[in-house]
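Student: Next up is a structure, given as structure tokens.
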Amino acid sequence: MTHRVAVIGGGSSGLACIKCCLDEGLEPVCFESSDDIGGLWRFKENPEPDRASIYHSLIINTSKERMCFSDFPIPAHFPNFMHNSLIMDYFRMYADHFQLTKHIRFNTKVLQVKQRSDFSHSGQWDVETEDKDGKKDKHIFDAVLICIGHHCHPNMPLHDFPGINTFTGRYFHSRDYKTPEEWRNKKAIVVGIGNSGGDIAVELSRVTKQVYLSTRRGAWIKYRMSVRGFPLDMLTSRVQSSLLQLLPFGLQCSMAENQMNQRIDHSLYNLKPKHRFFNQHPTVNDELPNRILSGTVMVKPNIRRFQGSSVEFDDGSVVEDIDLVVFATGYKFSFPFLTSQVVSVSENKASLYKYVFPPELDRPTLAIIGLVQPLGSTIPVSEMQARWATRVFKGCVKLPSVSAMLKDIQYKKETMAKSQRHTIQVDYVAYMDEIAELVGVKPALSRLLLTDPRLGLNVMFGPTTPCQYRLRGPGKWAGARQAILTQWERVAKPMQTRICDEPKAQRSFKWPLILSSVLSGFLWYGGLKFVGLNILHVKYRKRTV
């Protein structure tokens, strides 16, 4: 019997879920409340309630080789860091190639998802929906995949800003920001120094009289571009990640912070945060330091109070005649169509096994996909979660006991609290490997080195790209090997738009790029010599304690 699976949301996670269902012989029915795919990445001039919204200029912070679906590389001619319109083009290519759109019911909102009366036996769900004409329908599904993301409900902590009711200018959340033109020659404040806050401050500073960037905690500023112009995230390899894990956490942070300060002195620029580098997401922004250097952006502490058009900061300084305040203060996530007995959310925390499964359901037939904030792209992480969830639905993979799942959840909560991380933050490679091992698709490095040394060396020393998880096991893709061996060519392709006068060397540039990436990765964390000396120092201390 074919299991029917409800997929709620037609963004990147929803598309991955539809495909994974089809791969496992399940029957997906996707409910998308809007009239198109894309979710977060679909730009619209007017923000819609309960739906993600982005600004016109938004460019992704993860390079194309690290953000693609694992069996569908992004075209070589696409830029390494894509504008949101190109991401939408890629999603359409993906949906067309695997014929996913026919499984989506657009303009259909999910009103309620609840367990059927015989759930402990059947594991089935009642799903109530409403179309654009107000017609309601009830459906029965064998499983449910929730893919609504966590950028729908803006967090506006206005109670933390005394006098905001007296402010004579305009204020709104960053989800309502679209373009800077109407603020030409005005004075603006951006509250929050995450990725959105940094982007909006930079863009506004090109047209406004002055931008003030208000931050309570500060941030580490990371660049998209690394040595020789390569995408920085392409210089992270499995070997580098493994070596770093040998070092104490504080030393890892110190090395990364030292490298960040080589680009810009965070103390000099008033950006140095209270947290260590690996405690929280860095802010990815290549232009912000230049705007601070030119004076068009001024970094300020938290706002103490508003009074008319004046704003006072915690350091006692006051700025007058402010026209605009943009609150880039993050989001809250919730599942309004679910009862709290299924998934309870409190202070942006949800108790989910591996951030996917509610641990105490009688039957594991509901999964949350994409509710993570990885140090990397969410797209391949959501896809890996979907591969796991659909294997569980099919009965090919078993979840551990309830007590074991609760123990794992508690361990992750305690670890998160110690490191002061975001409630849903995960490390890209470590988390992908963790889920991949459950699915049976984690790369077998020792076997690869013996049977296919060229590929094995690329997997070990090259960038950790999603295609590595299609080399073996369920969902194995015949094109994965070639995709990995040609990934540096796809990095170079979009920049080869002019013929240089220099004669081209008659050899492949792939291996120099791989070796350069490995070397650059080590240099990024402080240098090979520094790493080696500290490993020896740590081992010596362990022997002498």
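The values are calculated or read from the model by the stated rules, or taken from the named source; none is laboratory data. All figures in this text were calculated on a predicted structure; none of them were measured in a lab. Neighbour counts are summed over all protein chains in view; Cβ atoms, including those assigned to glycine, are modelled from backbone coordinates with ideal geometry. Each accessible area value is taken on the protein alone, full model and side chains, heavy atoms only, with ligands, DNA and RNA left out. Shrake-Rupley method; radii C 1.70, N 1.55, O 1.52, S 1.80 Å.
Student: Run down 372, 402 and say which single residue is β-branched (Val, Ile, Thr), touching a Phe, Trp or Tyr at 6+ places or on another chain (Cβ under 8 Å) and in the same structural domain as residue 122 (by the TED database).
Tutor: Every option except 372 fails the conditions.
Student: Shifting gears a bit: Among residues belonging to region 184-218 that are over 30 Å from the mean Cα position of the chain (by Cα) and outside any loop (DSSP other than H, G, I, E, B), point out the one that is surrounded by the most Cβ atoms within 10 Å (Cβ to Cβ).
Tutor: Looking at residues that are over 30 Å from the mean Cα position of the chain (by Cα) and outside any loop (DSSP other than H, G, I, E, B), I get 187.
Student: Among the basic types (Lys, Arg), under 17 Å from residue 12 (Cα atoms) and either assigned to a helix (DSSP H, G or I) or open to solvent by 30 Å² or more (accessible area, probe 1.4 Å) (or both): does that describe residue 387?
Tutor: Answer is yes for this residue.
Student: Restricting to region 369-378, count the residues that are part of a helix (DSSP H, G or I) and either in contact with a strand residue (DSSP E or B) (Cβ under 6 Å, 6 or more places away or on another chain) or open to solvent by less than 10 Å² (accessible area, probe 1.4 Å) (or both).
Tutor: Within region 369-378, residues that are part of a helix (DSSP H, G or I) and either in contact with a strand residue (DSSP E or B) (Cβ under 6 Å, 6 or more places away or on another chain) or open to solvent by less than 10 Å² (accessible area, probe 1.4 Å) (or both) number 0.
Student: Taking interchain pairs and intrachain pairs at least six residues apart, which have beta carbon atoms under 7 angstrom, with the first residue in region 73-90 and over 21 Å from residue 497 (Cα atoms) and the second of a type in the set (Gly, Ala, Ser)?
Tutor: 88/38
Student: May I ask you to list the residues in region 52-80 that are surrounded by fewer than 22 Cβ atoms within 10 Å (Cβ to Cβ) and of a type in the set (Phe, Trp, Tyr)?
Tutor: The answer is 55, 72, 78.
Student: Let me ask another. Return the residue satisfying two criteria in turn: it lies in region 221-234 and is among the hydrophobic types (A, V, I, L, M, F, W, C) and open to solvent by 10 Å² or more (accessible area, probe 1.4 Å), and of such residues it is nearest to the chain's Cα centre (by Cα).
Tutor: 232
Student: Kindly state which strands (runs of 3 or more DSSP E) lie completely within region 110-183 and contain at least 2 residues that are assigned by the TED database to the domain that holds residue 42 and open to solvent by 60 Å² or more (accessible area, probe 1.4 Å).
Tutor: The strands (runs of 3 or more DSSP E) meeting that bar are 136-141.
Student: Can you report the number of residues in region 349-375 which are touching a Ser or Thr at 6+ places or on another chain (Cβ under 6 Å) and not acidic (Asp, Glu)?
Tutor: Residues in region 349-375 being touching a Ser or Thr at 6+ places or on another chain (Cβ under 6 Å) and not acidic (Asp, Glu): 3 in total.
Student: Filter region 342-367 down to residues that are touching a helix residue (DSSP H, G or I) at 6+ places or on another chain (Cβ under 6 Å) and of a type in the set (Gly, Ala, Ser) and give me whichever is surrounded by the most Cβ atoms within 10 Å (Cβ to Cβ).
Tutor: This residue is 367.
Student: What is the residue count in region 117-138 for residues that are out of contact with any Ser or Thr (no Cβ under 6 Å at 6 or more places or on another chain) and either free of Cβ contacts under 8 Å to residues at least 60 places away in the same chain or within 22 Å of residue 334 (Cβ to Cβ) (or both)?
Tutor: Final tally of qualifying residues: 14.
Student: Ok, one more. If you scan region 281-293, which residues turn out to be closer than 25 Å to residue 209 by Cα, in contact with a strand residue (DSSP E or B) (Cβ under 9 Å, 6 or more places away or on another chain) and either assigned by the TED database to the domain that holds residue 377 or not in a helix (DSSP H, G or I) (or both)?
Tutor: 283, 284, 285, 286
Student: Looking at this structure, is residue 416 within 16 Å of residue 355 (Cβ to Cβ), modelled with pLDDT under 95 and surrounded by 15 or more Cβ atoms within 10 Å (Cβ to Cβ)?
Tutor: In short, yes.
Student: Considering each residue of region 305-323, count those that are touching a Ser or Thr at 6+ places or on another chain (Cβ under 7 Å), open to solvent by 10 Å² or more (accessible area, probe 1.4 Å) and part of a loop (DSSP other than H, G, I, E, B), and give that number.
Tutor: Residues meeting the conditions: 4.
Student: Answer yes if at least one residue in region 81-88 is open to solvent by 10 Å² or more (accessible area, probe 1.4 Å), in contact with a helix residue (DSSP H, G or I) (Cβ under 6 Å, 6 or more places away or on another chain) and either modelled with pLDDT under 95 or part of a loop (DSSP other than H, G, I, E, B) (or both), and no otherwise.
Tutor: Scanning region 81-88, I find no residue that is open to solvent by 10 Å² or more (accessible area, probe 1.4 Å), in contact with a helix residue (DSSP H, G or I) (Cβ under 6 Å, 6 or more places away or on another chain) and either modelled with pLDDT under 95 or part of a loop (DSSP other than H, G, I, E, B) (or both), so the answer is no.
Student: Can you tell me which residue in region 258-280 is farthest from residue 215 (Cα to Cα), limited to those that are touching a His at 6+ places or on another chain (Cβ under 8 Å) and surrounded by 19 or more Cβ atoms within 10 Å (Cβ to Cβ)?
Tutor: Per the criteria, the residue is 260.
Student: For the structure I just gave you, tell me whether residue 457 is under 23 Å from residue 240 (Cα atoms), open to solvent by less than 40 Å² (accessible area, probe 1.4 Å) and over 24 Å from the mean Cα position of the chain (by Cα).
Tutor: Spelling it out, it is not the case that residue 457 is under 23 Å from residue 240 (Cα atoms), open to solvent by less than 40 Å² (accessible area, probe 1.4 Å) and over 24 Å from the mean Cα position of the chain (by Cα).
Student: Of everything in region 337-355, what is in a loop (DSSP other than H, G, I, E, B) and in contact (Cβ under 8 Å) with a residue 40 or more places away in the chain? Give them in sequence order.
Tutor: Passing the criteria: 337, 338, 339, 342, 347, 348, 351, 352, 354, 355.
Student: Looking for something open to solvent by 50 Å² or more (accessible area, probe 1.4 Å), in contact with a Ser or Thr (Cβ under 7 Å, 6 or more places away or on another chain) and of a type outside the set (D, E, K, R) - is there at least one such residue anywhere in region 324-340?
Tutor: So far as region 324-340 goes, no, none of its residues is open to solvent by 50 Å² or more (accessible area, probe 1.4 Å), in contact with a Ser or Thr (Cβ under 7 Å, 6 or more places away or on another chain) and of a type outside the set (D, E, K, R).
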